Amino acid sequence: MTAPTPRPPAVLIDDDDDLRTATAQLLTLRGFDVRAFADAATALGHIDANFPGVVITDVRMPGISGIDLFEILHERDPDLAVILITGHGDVAMAVTAIKAGAWDFLAKPFDPDALVAAALRAVKARTLTLENRQLRAAADAEAGAALIGTTPAIVRLRGMIPMLADAALDLVIEGQFGTGREHFARLVHRAGRRSRHRFLKIDCATVTLPTLERELFARNGVIARAHRGTVFLHNLARAGATLQDHLVRLAETRTVAFEGADPDPVDIRIIASIDEGERYRVSPALYHRLAGVPLRMPRLAERTGDVPALLAHFIGIAARQHDIAMPSLADHVHRLAMSNWPGNVLELAMAAERLCLGLDEGGVAVDTAPDPLPARLDAFERTAIVEAVTASEGGIAGAIERLQIPRKTFYYRVKRLGIDLRALRAHLS
C-alpha cells in the first residue's frame with residue numbers, strides 16, 4: 001500500500017481573525033498542513049532554520065510586524081520562504097523586502113489562486129534547498145575524509161577550518177598529490193558565508209594564453225561569475241608567467257578586466273594549491289600575496305596511525321556504494337599501515353574499495369587457487385590503466401601518453417575491462 005504524500009507545511013500569521021480563518025481554510029483545502037497564528041511572536045517558536053515549508057504573513061500587525069518577522073527569519077536562514085500580504089500603502093516596503101530575500105508579496109485583496117500558486121512554488125523551492133543542503137553535508141562528510149585521524153597535524157588542520165572560514169585571508173595549501181588539498185579548500189569554503197556562492201576550480205596547468213583575457217579575466221567572464229565565492233587555483237606552480245602576472249593583479253586589486261576596458265571589482269576569496277617542493281616555481285610577488293595563511297597537508301606516510309580509521313571510513317563508503325557487507329579489517333590494517341602510500345589518502349581509498357570487493361592491491365581476486373592467465377592479464381591491464389589515469393590526475397591525454405598506446409586502443413580496453421572512468425575521475429577531483 002502506497003504511503004500518502006505528506007502535506008506541505010505552511011505557517012500563517014494574521015491578526016485579523018476572520019481573514020486568518022478564511023485563508024487557513026483555503027490553504028487546507030488546497031492540500032497544505034496549516035498552522036495559523038494571530039501574532040508573530042507566537043509563530044516564531046514554530047519556525048526554525050530547518051522549517052520545510054512556507055511562511056505567509058500580513059505586514060501590518062501590532063508588536064512584531066510582518067517586515068520585522070521576515071528580518072528575524074532571514075537571520076535564522078536566508079533561504080526561508082516568506083510571502084508577505086500587504087495593503088496598498090505597504091507595497092514599497094514589500095518590494096524592499098523582496099530585494100532583501102523575501103519570496104513574494106501579494107496586495108490585498110489578493111486572488112486566492114495566486115496565493116496558493118505562490119505558496120506551492122515556495123514549498124517546492126524550499127524542498128530543493130533542504131535537499132541540496134543534505135547532499136552538500138554528505139559531500140562535506142566525504143570531503144572531510146582526508147582529515148579523519150588523531151595525529152597532531154590533522155587535528156590542527158580540522159581545528160583551523162572554523163577560524164579560516166570567514167577570515168579575510170587568502171590561503172596557499174602545499175602538499176603531495178592525493179593528500180586532500182582541494183577537499184580542505186572546499187571545507188573552508190562551505191564553512192563560511194561564501195558557501196552560498198560558487199566554488200570555482202581553475203587548473204592552472206591547463207590554462208592557455210588565448211583563454212586568459214577572453215574567458216578567465218574578461219568582464220562577466222569565468223572569474224567574475226564567482227563573485228562573492230571562492231576561486232581555487234589548482235596546480236598554481238604550473239601556471240605560466242603570463243597567468244601568474246594576471247593573478248598578481250587579481251590578488252592585489254580584486255578586479256577583472258581585459259585590454260582597453262575599465263576594471264570591474266570582484267569579491268572573491270582565493271585558495272591555491274602547490275605541489276610539495278614546487279614553491280620556487282611561483283613568483284614571490286604572487287606567492288606572498290596569496291599566502292595569507294600557508295598550510296601543508298601531511299603525507300599519509302607521516303600519519304600511519306590514522307590508517308585504521310581512514311580504512312574503516314573508506315570501506316564503509318565502498319560497502320554502501322556496492323551494497324555489500326563490510327569485510328573484516330583485522331587481516332589488513334597492519335600491512336596497510338606499513339605501506340608507503342605514494343598516492344596518499346586517495347590511494348588508500350582505492351585500496352579500501354578493492355578490499356571491499358575482495359581484490360588485493362594488484363586488482364586480482366583473492367583466492368587460494370591461481371587465476372587463469374587471461375584473467376591475470378586483464379587484471380594487470382586494469383591496474384596499469386587505473387594507475388596511469390591516477391598519475392595524470394584524471395587527465396586522459398596524460399594517461400594515454402604514459403601508457404604509450406593509441407587513443408582508440410585505450411578506450412577499447414577501458415570498455416572491455418569495465419573501468420568506470422567517470423567514477424575514477426570523481427575520486428581524483
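Please find, among 42, 57, 86, the residue that is over 31 Å from the mean Cα position of the chain (by Cα), of a type in the set (Ser, Thr, Tyr) and exposed (fewer than 15 other Cβ atoms within 10 Å of the Cβ).
Working: 57 fails: exposed (fewer than 15 other Cβ atoms within 10 Å of the Cβ); 86 fails: exposed (fewer than 15 other Cβ atoms within 10 Å of the Cβ).
Result of the check over 42, 57, 86: 42.
Determine if region 327-338 includes at least one residue that is modelled with pLDDT of 80 or more, in a helix (DSSP H, G or I) and surrounded by 12 or more Cβ atoms within 10 Å (Cβ to Cβ).
No, that holds for no residue.
Quick one: which of 184, 177, 199 is surrounded by fewer than 20 Cβ atoms within 10 Å (Cβ to Cβ), touching a residue at least 60 places away in the same chain (Cβ under 8 Å), under 28 Å from residue 396 (Cβ atoms) and not aliphatic (A, V, I, L, M)?
Of 184, 177, 199, the one residue that is surrounded by fewer than 20 Cβ atoms within 10 Å (Cβ to Cβ), touching a residue at least 60 places away in the same chain (Cβ under 8 Å), under 28 Å from residue 396 (Cβ atoms) and not aliphatic (A, V, I, L, M) is 177.
If I filter region 173-194 down to residues being over 19 Å from the mean Cα position of the chain (by Cα) and outside any loop (DSSP other than H, G, I, E, B), which single residue comes out as nearest to residue 342 (Cα to Cα)? Give the derivation first.
Kept after step one, since they are over 19 Å from the mean Cα position of the chain (by Cα), are these residues of region 173-194: 174-177.
Narrowing the set further to residues that are outside any loop (DSSP other than H, G, I, E, B) leaves 174-175.
Working: 174: 16, 175: 12 Å.
Once the filter is applied, the top-ranked residue is 175.
Kindly state which strands (runs of 3 or more DSSP E) lie completely within region 215-309 and contain at least 2 residues that are without any contact (Cβ under 8 Å) to a residue 60 or more places away in the chain, crowded, with 20+ Cβ neighbours inside 10 Å and on the phi < 0 side of the Ramachandran plot.
Ranges flagged: 230-234.
Any chance region 149-166 includes a residue that's assigned to a loop (DSSP other than H, G, I, E, B), at pLDDT 90 or above and closer than 18 Å to residue 291 by Cα?
Scanning region 149-166 turns up at least one residue that is assigned to a loop (DSSP other than H, G, I, E, B), at pLDDT 90 or above and closer than 18 Å to residue 291 by Cα.
Would you check if residue 425 is modelled with pLDDT of 75 or more and surrounded by 15 or more Cβ atoms within 10 Å (Cβ to Cβ)?
no
Would you say residue 31 is of a type in the set (Gly, Ala, Ser) and touching a Ser or Thr at 6+ places or on another chain (Cβ under 6 Å)? Explain how you work it out, then say what you get.
Values: of a type in the set (Gly, Ala, Ser): yes; touching a Ser or Thr at 6+ places or on another chain (Cβ under 6 Å): no.
Criteria not met by residue 31.
Just give me the residues in region 98-126 being more than 22 Å from residue 34 (Cβ to Cβ) and either touching a strand residue (DSSP E or B) at 6+ places or on another chain (Cβ under 7 Å) or at pLDDT 85 or above (or both), in sequence order.
The answer is 98, and nothing else.
Report the residue count in region 199-220 for those that are at pLDDT 90 or above and either touching a Phe, Trp or Tyr at 6+ places or on another chain (Cβ under 9 Å) or farther than 21 Å from residue 425 by Cα (or both).
4
Step by step: first the residues of region 23-37, then only those that are polar (S, T, N, Q) and in contact with a strand residue (DSSP E or B) (Cβ under 7 Å, 6 or more places away or on another chain), then the one that is surrounded by the fewest Cβ atoms within 10 Å (Cβ to Cβ). Which residue is that?
Top of the filtered list is 28.
List every residue pair whose Cβ atoms sit under 6 Å apart, with the two residues 6 or more apart in sequence or on different chains, where the first one lies in region 110-132 and is at negative phi and surrounded by 11 or more Cβ atoms within 10 Å (Cβ to Cβ) and the second, anywhere, is aromatic (Phe, Trp, Tyr) and outside any helix (DSSP H, G or I).
122/103
Mind listing just one residue for me: the one in region 389-403 that is at pLDDT 80 or above and not β-branched (Val, Ile, Thr) and, of those, surrounded by the most Cβ atoms within 10 Å (Cβ to Cβ)? Talk me through it step by step, then tell me what you get.
Initially, region 389-403 is screened for residues at pLDDT 80 or above, giving 389, 395-403.
Okay, now just the ones that are also not β-branched (Val, Ile, Thr), so 395, 397-399, 401-403.
Details: 395: 18, 397: 10, 398: 14, 399: 23, 401: 12, 402: 16, 403: 18.
Top of the filtered list is 399.
The values are calculated or read from the model by the stated rules, or taken from the named source; none is laboratory data. Remember, predicted model here, so these are calculated numbers, not experimental data. Here the Cβ is made from the backbone with ideal geometry for all residues, glycine too, and neighbour counts use every protein chain on show.
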